[in-house]
Amino acid sequence: MAAPAQQTVAFAIRGPIARDDLPGLCERVCALLEGSGADIALCDVRGVEPDAVTADALARLQLAARRRGCQARLRGASSDLLELLAFMGLRDVLPH
């Protein structure tokens, strides 16, 4: 018997991301996830700056997704961003 297909929702985050942007960003993504019924959220991060604020935003988004039974996955992450996430111990938290 085949497993049911996973539902996916996709969205993009563009930068630069300021610390003041985090609450609104999380609210918008949470609203998207609430109505989607998705198991996987593909987060396109092409062009975001590889900095601590971006890493914070992505970690918050993953936490919000998991609270809704979903997993966020990065799409289009630069090698610099992936290296920063690994350095911060978030490699397994934010798969790509």
- Message: Under the rule of at least 5 residues apart or a separate chain, name every residue whose amide H is placed under 5 Å from the amide H of R73.
- Response: A41, L42, C43
- With each label point set 7 Å from Cα along the Cα-Cβ vector, what nm distance links S79 and D20? 3.6 nm
- If you wrap the chain's Cα atoms in a convex hull and average its projection over all directions, what's the area in nm²? 6.2 nm²
- For the residues C70, C26, what sequence is obtained by ranking on other C-beta atoms within 10 Å, fewest first? C26, C70
- Task: Could you run the Karplus curve 6.51 cos²θ - 1.76 cosθ + 1.60 with θ = phi - 60° over the range 50-58 and give me ³J(HN,Hα) per residue in whole Hz, x for Gly and Pro?
- Result: x, 9, 5, 5, 4, 4, 4, 4, 5
- Query: Taking the chain as a Gaussian network, Cα atoms linked when under 10 Å apart, which of D56, D80, D39 shows the biggest mean-square fluctuation?
  - Reply: D80
- Message: Sort 17-23, 90-96, 43-49 by the packing proxy (mean of other Cβ within 10 Å over each peptide's residues), most packed first.
- Response: 43-49, 90-96, 17-23
- Non-local residues with an amide H under 5 Å from the amide H of A12, with H modelled 1.01 Å from N and Pro and chain starts lacking one, are D44
- Item | Hz values of 3J(HN,Hα) by residue in the range 30-39 - Karplus curve (6.51, -1.76, 1.60), Gly and Pro given as x | 4, 4, 5, 5, 4, x, 8, x, 6, 8
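Any read-out appearing in this document is the output of simple, stated calculations on the displayed coordinates, not a laboratory observation. Computed from a prediction, not measured in an experiment: that's the story for all the values here. Backbone-built Cβ (ideal geometry, glycine too); neighbour counts: all protein chains shown.
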